[in-house]
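One structure below.
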Amino acid sequence: MSATLAPPVVDGVEWIRPHPGRRAFRNDLVLAAVLAVASAGSVVLYRRAGIGDDAPWWGSALWVLGMTAPLAVRRRWPEAVAIAASATFIVGAMTETMELLFSNIALFIAIYSVGAWSRSRSRANIVRTVIVVSMFAWLFWGLITYSAMQDYLPDLGREGLLSPYVAYGLINVLTNLLYFGGAWYFGDAAYRSARARAELEQRTAELAAERERTRVQAVALERLRIARELHDVVAHHVSVIGVQAGAARRVLAKDPDAAAAALSSIESSARDAVDELHGLLGTLRGDADTGSIDLATGRAVGDGPATASTSTRCIDRIDDLVAESATSGLPVTLAIVGEPRAVSAVVDLSAYRIAQEALTNVRKHAGSSATAEVRVRWDDDAVELEVTDTGTATRSTTPARTVDRTDRADPTGGGLGLLGMRERVAAAGGTLETGPRARGGYLVRARFPLRREEVRS
């Protein structure tokens with residue numbers, strides 16, 4: 001039988017020390033056997049010295065067993081062992097079958113075990129109090145009784161306030177105070193030490209579990225970030241390719257030049273998609289140039305932070321994004337209000353990706369006649385990105401797409417579109433506003449706060 005698991009340590013709740021394992025019980029059995037042999041040898045020496053030699057041998061043998069055998073189970077039933085040892089000690093003294101060396105050691109261990117191993121602190125205090133009070137009552141009774149017997153310790157005079165006999169009695173009282181006080185104190189100290197060890201082990205286990213949860217969450221967040229990046233890259237470029245492919249198919253026979261321009265746009269979009277996918281895969285492989293992710297800790301290693309992009313997408317390239325969308329057949333305009341400033345990598349990438357996702361949704365859901373407008377506003381303490389569209393098809397001709405766009409605005413939905421936008425804005429400490437406009441179409445507005453050094457720059 002192994003040691004039982006320690007119960008949790010809770011402030012304000014009494015902690016119960018668990019029973020020890022089989023090895024501890026074997027050690028107690030060995031201790032009881034050693035003390036029994038030592039006590040028996042001491043009894044023989046006492047009797048040879050003329051102390052207690054009038055008592056029968058069998059009485060001394062029973063006393064030795066009664067004094068030491070209970071110690072074999074002192075950790076399982078400490079209160080019963082202490083009471084039995086105390087009673088045996090008194091009986092041995094009154095019948096003169098005892099010895100005073102190893103019996104005191106056995107009694108000390110028994111009282112110590114109550115403080116160290118009792119499973120109830122109140123019961124431990126009651127038992128020890130009863131034992132100590134009984135022992136001192138017996139001691140005072142003996143001192144008072146023998147004080148009137150002149151033939152008991154006749155060399156100790158009884159005259160005076162501090163007579164030799166009174167001094168002898170005070171020495172016995174002080175000795176017993178130290179004896180029982182030491183057994184009481186060291187027993188409680190052992191209990192407190194065991195409780196502190198259990199609390200330390202509990203805190204260590206909690207910290208290990210917390211580290212594991214943090215690691216798992218960090219890995220999950222990193223995988224979500226990569227999935228979001230893949231979604232943005234694939235959705236944008238594939239939608240452009242789809243639009244251009246349809247346009248090339250329609251004008252291939254009538255206008256070969258227009259078809260060639262559409263195919264060139266498809267080629268460019270495909271190349272950009274491959275480049276960005278290559279960068280993301282480089283992150284997964286742990287390339288030093290793009291930064292890698294340690295899946296054991298969920299943190300980025302290398303030159304790039306975990307939130308950095310694997311491409312060069314940033315606010316400054318939103319004009320390229322708008323031009324690419326216009327080339328692919330979506331009428332879109334760009335307006336920049338205010339003086340651009342340097343921003344953090346998180347805001348830089350997030351603004352670009354939100355604009356990219358918003359324009360992708362316009363192409364997918366707003367209809368072929370829709371137009372879009374992108375605005376970047378630089379305020380004193382924030383940068384705001386706004387993408388709006390007319391969305392005529394969303395309002396009238398394609399009600400199914402209207403439902404799809406509404407579902408994607410719900411963060412509990414399964415898509416990664418507007419949910420990904422919200423996560424990006426939240427990571428940068430900003431706010432996101434999405435939804436249909438009163439005059440028609442759809443609005444995506446993201447506002448990112450600027451740090452102090454960005455505001456000063």
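The values are calculated or read from the model by the stated rules, or taken from the named source; none is laboratory data. Every value quoted in this text rests on a predicted model; they were computed, and no experiment measured them. So basically every Cβ, Gly included, is an ideal-geometry build from the backbone, and we count neighbours across all protein chains shown. Heavy atoms of the whole protein, side chains included, go into the accessibility calculation; ligands, DNA and RNA do not. Shrake-Rupley method; radii C 1.70, N 1.55, O 1.52, S 1.80 Å.
See the values below:
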| quantity | calculated |
| --- | --- |
| Test: A351 is in a helix (DSSP H, G or I) and either modelled with pLDDT of 75 or more or over 19 Å from I318 (Cβ atoms) (or both) | yes |
| Pairs where the first residue, in the stretch 171-190, is assigned to a helix (DSSP H, G or I) and the second is open to solvent by 90 Å² or more (accessible area, probe 1.4 Å) and at pLDDT below 95, C-beta under 9 Å, 6+ apart | V173/F140 |
| Only one of T95, T145 that is of a type outside the set (A, V, I, L, M, F, W, C), touching a residue at least 24 places away in the same chain (Cβ under 8 Å) and within 26 Å of D53 (Cα to Cα) | T95 |
| Candidate set from the stretch 354-386 (those that are open to solvent by less than 20 Å² (accessible area, probe 1.4 Å) and over 26 Å from G429 (Cβ atoms)); member that is modelled with the highest pLDDT | A372 |
| Filter result for R447 (closer than 24 Å to V322 by Cα, open to solvent by 40 Å² or more (accessible area, probe 1.4 Å) and either part of a helix (DSSP H, G or I) or modelled with pLDDT of 85 or more (or both)) | yes |
| Residue in the stretch 179-190 that is open to solvent by less than 70 Å² (accessible area, probe 1.4 Å), among the hydroxyl-bearing types (S, T, Y), over 30 Å from the mean Cα position of the chain (by Cα) and at pLDDT 90 or above present | yes |
| Residue that is surrounded by the most Cβ atoms within 10 Å (Cβ to Cβ) [pool: residues in the stretch 56-107 that are of a type outside the set (D, E, K, R) and in a loop (DSSP other than H, G, I, E, B)] | M98 |
| The stretch 326-348, residues that are in a strand (DSSP E or B) and of a type in the set (A, V, I, L, M) | V332, L334, A335, I336, V337 |
| Condition broken by G52, with the remaining ones in (1) closer than 20 Å to A87 by Cα; (2) in a helix (DSSP H, G or I) satisfied | (2) |
| Of all residues in the stretch 317-330 being open to solvent by 70 Å² or more (accessible area, probe 1.4 Å) and in contact (Cβ under 8 Å) with a residue 24 or more places away in the chain, the one that is farthest from A427 (Cα to Cα) | T327 |
| Some residue of the stretch 30-50 being within 43 Å of the chain's Cα centre (by Cα) and modelled with pLDDT of 90 or more | yes |
| Of all residues making up the stretch 108-124, the number that are open to solvent by 30 Å² or more (accessible area, probe 1.4 Å), over 19 Å from A72 (Cβ atoms) and either in contact with a Phe, Trp or Tyr (Cβ under 9 Å, 6 or more places away or on another chain) or not in a helix (DSSP H, G or I) (or both) | 1 |
